[in-house]
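Here the structure is laid out as structure tokens; the discussion comes afterwards.
Each reported figure results from applying straightforward, stated rules to the coordinates on display, with no laboratory input. Predicted, not measured: the structure shown is a model, and the values here were computed from it. Cβ coordinates were reconstructed from backbone atoms using ideal geometry, including for glycine residues, and neighbour counts include every protein chain displayed.
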Amino acid sequence: MKRFELTFSFLQLPLDYLMLILAGFSAYGLRFTKIVTAIRPILFNLSWNKYWPLVFIVAIGWLFIFTLTGLYSADPNRKLAKELGRVFLACSTGFAAITIYVFFTLQKFDSRFLVLAGWIFAIIYVSLARTALRLLKIFCYRLGIGLRRTVIIGTQSVAEQIRQSLENKPYLGYKIVGFLKNFNETDLSKLQKNGLDEIIFADPKSKEDEALQTIDFANENHITFKYSADLFATISSNMAISTIAGIPIIELRRTRLAGWGRILKRAGDILGSLFFILIFSPLFLIIALIIFFETGGPIIYKNERVGQEGKKFYTYKFRSMYQKYCTGEQFGHSGQEAIKLEKELIKQKSDKQGPVYKIKNDPRITPFGRFIRRFSLDELPQFFNVLIGNMSLVGPRPHQPREVNQYEKWHKTVLTIKPGITGLAQISGRSDLSFDEEARLDIFYIEYWSFFIDLIILIKTPFVVLRKTGSIV
């Protein structure tokens, strides 16, 4: 479902851009028709070769205006009429911007018709394209594609009204897979095993602890939580308000990384990882050669970690331990023996409290391994994890399955987004932080994410490493 919604959100931008370009071309073509030239002769000298590049540039400016007017906000329940109203507002703002530019730059050619016609065509084309996209989405819903699998919790008329409305209006994109009178973790867990996207809590007379238990369950299992507006007053950094069956519904979003925020972050990850791989490629080769001559192969160590929404993956690191001490499937039987040794070292030398561990003065590390760990150079191969898509440049650090199994419920909020090579906890003195403090920083980052925050964290990371305030791992 999330991938389905994200795909349609992504399609809006190139489709809008195409429609704006088509509007500019249509305005130019219309200006040279016999009907228009008969009414108003052509007095300007603007050739097609000069005109079409301007259309491409102006269309980019209009997309920026579209963004400011909220046309790319992630709201699957926004009504079409409201969306088309924003299209009219955005196009009119673009029209006004061009008109002001033409006026103050004292353009000598008669461009007023082109601007006016372009504005009208833009409204028509963008509106038609967005309507067509909406109809395609509804068609997919009717085929059962991309439906948000939803459970409703409540016994009052509000819950029943929402249920009937969602069942009678398949074009809204919901599939009711459960209707519970009260919060029941066992029943919800059974439903979650078959796939659960949303919980709508609609019982105004419920106890507060029951509502909070439902929120904890939703956060733990990465399920969208929504509640009817008259349920209880709350303050949230990421609230989205929509209506279902005429009833105000509030969604508590775990992060701002939805819709275009997620797309923007992924685009930054791809470009950033490619940039860092290119910049550090000589260092990759040097480190690989030293490891090979010091202790042989393998050079890259694969370690199983838990990522977004609890999905397991392998992180890539330069091997910093002797082979006989390395755990993992790639080391075969010796890996199993190494696991036993590691457990003993954790009991004897771990200086971390909570579900994670950190072995002080680890005897398994090679001399060069100690050096690359000191400056977090062993983490460089994780840029390939970012490029692949199972990690991000910035985010909570990923932990091993055995560590995640010991998480408390609220700790699991850090699994809402992709793990990162660096993060807010890492630049805040990670070696000196308890796991709870680290988790709170990561959750703060998740709730208040912005592209600017990512940029600041990336800039500060190398300075933190060089100041010897703890490695990034």
Pairs over 25 Å Cα to Cα, from K226/K409; K79/K193; K324/K360; K311/K460, come to K79/K193; K311/K460
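Show me 194-201, 85-92 ranked by packing, highest mean number of other Cβ atoms within 10 Å first. Write down the numbers at each step before the final one.
Numbers: 194-201: 20.0, 85-92: 18.4.
Output ranking for 194-201, 85-92: 194-201, 85-92.
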